[in-house]
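> What follows is a single structure, and I will ask about it in a moment.
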Amino acid sequence: KVYNELWKALSELKFKGNDIWGELNQTNLSDFSQSLKYTKESLEINGIILKDDDYNNLNEILQIFANFQVGKTRLMEFRKHLTDSGFDIEAWNTQIEENRKYKTKYEKLLIDLRKKFQQKRRPRQASG
């Protein structure tokens with residue numbers, strides 16, 4: 001049950017990440033931030049039941065999501081200065097590329113984690 005709850009929270013977070021990737025606006029950023037907060041809280045609440053390696057893997061994924069959130073927040077700040085003569089297009093493009101790396105990384109880690117969670121759900125075969 002704990003793994004299902006955490007997987008649901010991570011899936012929702014991924015969906016919110018897709019939303020913010022597709023359209024960066026304050027509503028999507030706020031929704032993503034709320035989902036990240038909920039998922040972190042769920043991990044802490046349920047952490048006592050998790051194996052250490054699962055807990056550490058989940059924390060790693062959440063850290064990458066948090067980095068993605070920071071990057072998206074930076075882009076929102078850059079956007080505020082689009083009309084300024086001091087707008088730094090190189091910094092803008094660099095941040096977009098960093099966000100792409102975070103997104104690719106958390107997507108890969110989620111695939112790996114899903115496989116691991118699926119193995120835990122499979123009944124063990126009796127040997128002998």
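> Go through (1) free of Cβ contacts under 8 Å to residues at least 40 places away in the same chain; (2) surrounded by 12 or more Cβ atoms within 10 Å (Cβ to Cβ); (3) more than 16 Å from Tyr102 (Cβ to Cβ) and name the single condition Asp53 misses.
Going through (1) free of Cβ contacts under 8 Å to residues at least 40 places away in the same chain; (2) surrounded by 12 or more Cβ atoms within 10 Å (Cβ to Cβ); (3) more than 16 Å from Tyr102 (Cβ to Cβ) one by one, Asp53 breaks only (2).
> Given the conditions (1) in contact with a Leu (Cβ under 8 Å, 6 or more places away or on another chain); (2) closer than 21 Å to Lys105 by Cβ; (3) of a type outside the set (Lys, Arg), report the number of the one that Val2 does not fulfil.
The single condition Val2 does not satisfy is (2).
> Please determine whether any residue of region 72-81 is touching a helix residue (DSSP H, G or I) at 6+ places or on another chain (Cβ under 6 Å), in contact (Cβ under 8 Å) with a residue 12 or more places away in the chain and open to solvent by 60 Å² or more (accessible area, probe 1.4 Å).
At the first step, the residues of region 72-81 found to be touching a helix residue (DSSP H, G or I) at 6+ places or on another chain (Cβ under 6 Å) are 72, 74-75, 78.
Checking the rest, the ones that are also in contact (Cβ under 8 Å) with a residue 12 or more places away in the chain come to 72, 74-75, 78.
Those still in the list that are open to solvent by 60 Å² or more (accessible area, probe 1.4 Å) too: 74.
Within region 72-81 (the criterion being touching a helix residue (DSSP H, G or I) at 6+ places or on another chain (Cβ under 6 Å), in contact (Cβ under 8 Å) with a residue 12 or more places away in the chain and open to solvent by 60 Å² or more (accessible area, probe 1.4 Å)), the answer is yes, since at least one residue qualifies.
> Does region 29-50 hold any residues that are hydroxyl-bearing (Ser, Thr, Tyr) and open to solvent by 50 Å² or more (accessible area, probe 1.4 Å), and which are they?
Ser30, Tyr38
> Residue check, Leu24 against (1) under 21 Å from Lys105 (Cβ atoms); (2) in a helix (DSSP H, G or I), all met but one. Which one?
Status for Leu24: all satisfied but (2).
> Something else about it: Quick check: anything in region 1-9 within 19 Å of Gln118 (Cβ to Cβ), open to solvent by 70 Å² or more (accessible area, probe 1.4 Å) and outside any helix (DSSP H, G or I)?
For region 1-9, residues within 19 Å of Gln118 (Cβ to Cβ), open to solvent by 70 Å² or more (accessible area, probe 1.4 Å) and outside any helix (DSSP H, G or I): present.
> Got a sec? Which of Asn59, Asn99, Asn67, Asn93 is open to solvent by 70 Å² or more (accessible area, probe 1.4 Å), modelled with pLDDT of 85 or more and under 25 Å from Ser30 (Cα atoms)?
Working: Asn59 fails: open to solvent by 70 Å² or more (accessible area, probe 1.4 Å); Asn99 fails: open to solvent by 70 Å² or more (accessible area, probe 1.4 Å); Asn67 fails: open to solvent by 70 Å² or more (accessible area, probe 1.4 Å).
So the residue among Asn59, Asn99, Asn67, Asn93 that is open to solvent by 70 Å² or more (accessible area, probe 1.4 Å), modelled with pLDDT of 85 or more and under 25 Å from Ser30 (Cα atoms) is Asn93.
> At pLDDT 95 or above and of a type in the set (Val, Ile, Thr) - does that describe any residue in region 106-114?
Within region 106-114, none of the residues are at pLDDT 95 or above and of a type in the set (Val, Ile, Thr).
> So, one more: Looking only at region 35-50, filter to residues that are without any contact (Cβ under 8 Å) to a residue 12 or more places away in the chain and assigned to a helix (DSSP H, G or I); which one of those is farthest from Lys80 (Cα to Cα)? Can you show your working first?
If we filter region 35-50 for residues that are without any contact (Cβ under 8 Å) to a residue 12 or more places away in the chain, which is where we start, we get 37, 41, 44-45, 47-48.
Subsequent filtering for residues that are assigned to a helix (DSSP H, G or I) retains 37, 41, 44-45.
Values: Lys37: 25, Glu41: 31, Glu44: 35, Ile45: 37 Å.
Selected residue: Ile45.
The values are calculated or read from the model by the stated rules, or taken from the named source; none is laboratory data. Since this is a predicted model, take the numbers as computed values, not measurements. Cβ atoms come from the backbone with ideal geometry, glycine included; neighbour counts cover every protein chain shown. Accessible surface is based on the protein model in full, side chains and every heavy atom, while ligands, DNA and RNA are left aside. Shrake-Rupley method; radii C 1.70, N 1.55, O 1.52, S 1.80 Å.
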